[in-house]
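Only one structure is covered here, and it is reproduced in the block below.
The values are calculated or read from the model by the stated rules, or taken from the named source; none is laboratory data. Because the structure is predicted, anything quoted here is derived from the model rather than measured. Cβ: placed from backbone, ideal geometry, glycine included. Neighbour counts: every protein chain shown.
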């Protein structure tokens, strides 16, 4: 029996185990909208057929189950097709941040051992440069236009049959997260982890029903939008409206036009929407919203209060990362625990530890640690030394500082000195330092996150100059221009301060936390 016929008799769980959950939804309701975007729409039937054809196209070019596929693509229907194809073809998919330089993209494509590279024609230069750095590629497909040396994606898909493949194999994903030093790291699991307690809680609170639509506000190469705002609703049979570029008023317009019920945002988005003129906000009916999920960065209390007052008690917050985690709080709990990111979900063990690794008492501030699951623990792909450095026994940390109160609620007091979060994006300062240090005037430098009302944090560069250079406005502009020419936009410093000497440990290591804390404490004396 063909899978398309069998799918109607499967349970959803059986289809999901085979990587064919979208085929199951397509069998139930082929005309239901799956993707709505300015770059085209797809019903579940169309999305399913295109995913099947893409599996066949990749197999024809030599890919087999277990092989890796790198995808660099903006928010458009082909992203969904690639995700679904990898899910059922047994491929390991790695989404790539298209803001990166070509050499950085090439490192990821090569490091993940990609056999196929699917790239958006909006990024031709970095695509070509990246492909040259990945000699193991068997297939290169250009999405939405032409790229030198790449085949046309649409032509490759159109040449194949769209019926359900008869031999599906469940695929996987490997996201890359930047390190505090060196290259990005692939977060890899040899075995699939058990069902996440966070996913269980999200399913319970989202309470999807027929006719719902989710609005995707962030870039799909990022773990949170991909997992929580895209794959999560799609796998539940809920269509997604894709934003190609985020804008506060456009978000409200799309919510009103499509009667959006679910979305995921970062605090910066909530802040910007709240800052819109009252007349602008009043133009759009947002009463359809039943679930606004936010995370990726600490949310200022006044922003959260404003969002709940505007949208109602439909605002939910989580704390997790690519590596794992699972903290959750709803709008009602927030009223009595303002500033908290929530309580650990069932099965999630969290501890606050000091610098020696000792567990701290309630309300004592330290580093937040999660206990890793027994099965499906993450490791950093082909980087055993980084994997070892991430764990302390059975526990690992994402570098956040905070405390747990007497009721078990977690409060974050700030990021570790090695991580800056601006607008929900993780920025690792060592990557900025190593570029700025190439300037002949710079003796030493430390990038830190400083307060920014809109973005949460922004990047400031604190510099110790070489002898013979003046710490003036002209030099500051020169360094900012130098950084702008050598770093992606989200990593670029917004301001420069000069100091006679950076604070250091006896070993010579710069005390970045001391530098950062001066700005957060309002002292500014380093």
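Can we say residue 419 is surrounded by fewer than 20 Cβ atoms within 10 Å (Cβ to Cβ) and either touching a helix residue (DSSP H, G or I) at 6+ places or on another chain (Cβ under 9 Å) or in contact (Cβ under 8 Å) with a residue 24 or more places away in the chain (or both)? Taking the combined requirement at face value, the residue satisfies it.
Say whether the condition of being modelled with pLDDT under 85, surrounded by fewer than 18 Cβ atoms within 10 Å (Cβ to Cβ) and on the phi > 0 side of the Ramachandran plot is met by at least one residue in region 456-477. Looking for residues that are modelled with pLDDT under 85, surrounded by fewer than 18 Cβ atoms within 10 Å (Cβ to Cβ) and on the phi > 0 side of the Ramachandran plot, one finds none in region 456-477, hence no.
The selection criterion, being surrounded by fewer than 21 Cβ atoms within 10 Å (Cβ to Cβ) and not assigned by TED's automatic domain parsing to the domain that holds residue 96, holds for residue 207. Reported count of residues in region 260-271, each being part of a loop (DSSP other than H, G, I, E, B) and modelled with pLDDT of 95 or more, is 2. In the set 188, 221, only one residue is surrounded by fewer than 22 Cβ atoms within 10 Å (Cβ to Cβ), touching a strand residue (DSSP E or B) at 6+ places or on another chain (Cβ under 6 Å), touching a residue at least 40 places away in the same chain (Cβ under 8 Å) and farther than 25 Å from residue 28 by Cβ; that residue is 188. Going through (1) within 30 Å of residue 489 (Cα to Cα); (2) surrounded by 17 or more Cβ atoms within 10 Å (Cβ to Cβ) one by one, residue 410 falls short only on (1).
Scanning region 334-350 for residues that are touching a residue at least 60 places away in the same chain (Cβ under 8 Å) and out of contact with any strand residue (DSSP E or B) (no Cβ under 6 Å at 6 or more places or on another chain), we see that the one that is surrounded by the most Cβ atoms within 10 Å (Cβ to Cβ) is 343.
Quick grid of which residues meet (1) under 25 Å from residue 109 (Cβ atoms); (2) modelled with pLDDT of 95 or more; (3) outside any loop (DSSP other than H, G, I, E, B):
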site: 15; (1), (2), (3): no, no, yes
site: 25; (1), (2), (3): no, yes, yes
site: 30; (1), (2), (3): no, yes, no
site: 46; (1), (2), (3): no, yes, yes
site: 51; (1), (2), (3): yes, yes, yes
site: 64; (1), (2), (3): yes, yes, no
site: 74; (1), (2), (3): yes, yes, no
site: 81; (1), (2), (3): yes, yes, yes
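Once region 441-496 is narrowed to residues that are assigned to a helix (DSSP H, G or I) and in contact with a strand residue (DSSP E or B) (Cβ under 8 Å, 6 or more places away or on another chain), the residue that is farthest from residue 98 (Cα to Cα) is 475. Restricting region 439-451 to residues that are touching a residue at least 40 places away in the same chain (Cβ under 8 Å) and out of contact with any helix residue (DSSP H, G or I) (no Cβ under 6 Å at 6 or more places or on another chain) leaves a set whose member that is farthest from residue 503 (Cα to Cα) is 451. Going by what's in this entry, would residue 274 be described as assigned to a loop (DSSP other than H, G, I, E, B) and under 23 Å from residue 332 (Cβ atoms)? It is false that residue 274 is assigned to a loop (DSSP other than H, G, I, E, B) and under 23 Å from residue 332 (Cβ atoms). The residues of region 30-76 that are free of Cβ contacts under 8 Å to residues at least 40 places away in the same chain and either more than 27 Å from residue 137 (Cβ to Cβ) or within 25 Å of the chain's Cα centre (by Cα) (or both), listed by number, are 30, 31, 40, 41, 42, 43, 45, 46, 47, 51, 66. Criterion first (closer than 22 Å to residue 91 by Cβ and free of Cβ contacts under 8 Å to residues at least 12 places away in the same chain) does residue 227 satisfy it? Yes; evaluated as a whole, the condition is true for this residue. Return a yes/no flag: does region 248-259 have any residue that is at pLDDT below 95 and either touching a strand residue (DSSP E or B) at 6+ places or on another chain (Cβ under 9 Å) or part of a helix (DSSP H, G or I) (or both). Within region 248-259, one or more residues are at pLDDT below 95 and either touching a strand residue (DSSP E or B) at 6+ places or on another chain (Cβ under 9 Å) or part of a helix (DSSP H, G or I) (or both). Of everything listed in (1) in a helix (DSSP H, G or I); (2) out of contact with any strand residue (DSSP E or B) (no Cβ under 7 Å at 6 or more places or on another chain); (3) modelled with pLDDT of 95 or more; (4) surrounded by fewer than 20 Cβ atoms within 10 Å (Cβ to Cβ), the single unmet condition for residue 232 is (4).
At least 1 residues being touching a helix residue (DSSP H, G or I) at 6+ places or on another chain (Cβ under 7 Å) is the threshold, and among the helices (runs of 4 or more DSSP H) wholly inside region 279-397 those reaching it are 301-311, 331-336. Taking the criterion of being closer than 20 Å to residue 518 by Cα and surrounded by fewer than 18 Cβ atoms within 10 Å (Cβ to Cβ), would at least one residue in region 429-436 satisfy it? Scanning region 429-436, I find at least one residue that is closer than 20 Å to residue 518 by Cα and surrounded by fewer than 18 Cβ atoms within 10 Å (Cβ to Cβ), so the answer is yes. For region 112-130, the condition holds for no residue, the condition being that it is surrounded by fewer than 17 Cβ atoms within 10 Å (Cβ to Cβ), under 17 Å from residue 62 (Cα atoms) and assigned by TED's automatic domain parsing to the domain that holds residue 81.
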